[in-house]
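Colleague: This is the structure I want to talk about, given as structure tokens.
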Amino acid sequence: MRRKSAQPIGELLDSLFKSPNVARKIAEGSLPHVWREVTGESVAAATRQVRFVRGTLYVHVTSSIIRSELMMQREALVRSINKQLGVDLVQSVVVQ
């Protein structure tokens with residue numbers, strides 16, 4: 001089947017990346033970078049692992065002081081991360 005009108009490749013890629021499933025996968029891949037941007041360099045330096053499983057962001061932090069601070073800010077972190085991603089991806093944050 002032939003298309004009657006040609007579309008620029010840029011428009012096709014934009015529509016592909018804006019589709020919900022693709023946008024969510026791209027957002028998942030950018031979570032470690034977004035974590036660094038949202039929390040700052042000092043927290044990122046103490047972060048050893050960032051992984052995402054079924055709506056929950058698991059973060060392993062080596063400093064007990066930073067861990068305590070992050071535990072108190074979990075809801076704000078969820079809002080900030082989702083705002084930065086542009087997609088409501090993260091439902092909760094578990095700090096280990």
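Colleague: Any chance you could count how many residues in the range 57-86 are under 11 Å from the mean Cα position of the chain (by Cα), outside any helix (DSSP H, G or I) and buried (at least 17 other Cβ atoms within 10 Å of the Cβ)?
Modeller: Residues that pass the stated criteria total 1.
Colleague: Within the set of pairs 6 or more residues apart or between chains, which connect a residue that is more than 18 Å from GLN73 (Cβ to Cβ) inside the range 26-53 to a residue that is outside any helix (DSSP H, G or I) and small (Gly, Ala, Ser) with Cβ atoms less than 8 Å apart?
Modeller: Once the first residue is more than 18 Å from GLN73 (Cβ to Cβ) and sits in the range 26-53, its partners that are outside any helix (DSSP H, G or I) and small (Gly, Ala, Ser) give ALA27/GLY86.
Colleague: Please enumerate the residues belonging to the range 39-50 that are of a type in the set (Val, Ile, Thr) and either more than 17 Å from LYS83 (Cβ to Cβ) or within 10 Å of the chain's Cα centre (by Cα) (or both).
Modeller: VAL43, THR47, VAL50
Colleague: Take the residues of the range 25-56 that are surrounded by 13 or more Cβ atoms within 10 Å (Cβ to Cβ) and of a type in the set (Asp, Glu): which is farthest from GLU69 (Cα to Cα)?
Modeller: Among residues in the range 25-56 that are surrounded by 13 or more Cβ atoms within 10 Å (Cβ to Cβ) and of a type in the set (Asp, Glu), the one farthest from GLU69 (Cα to Cα) is GLU28.
Colleague: Restricting to the range 59-96, what's the tally of residues that are within 22 Å of VAL22 (Cα to Cα) and in contact (Cβ under 8 Å) with a residue 12 or more places away in the chain?
Modeller: 11
A short reminder: the numbers here are calculations on the coordinates, not readings from a lab. Here the structure is a predicted model, which is why all the values come from computation and not from measurement. Here the Cβ is made from the backbone with ideal geometry for all residues, glycine too, and neighbour counts use every protein chain on show.
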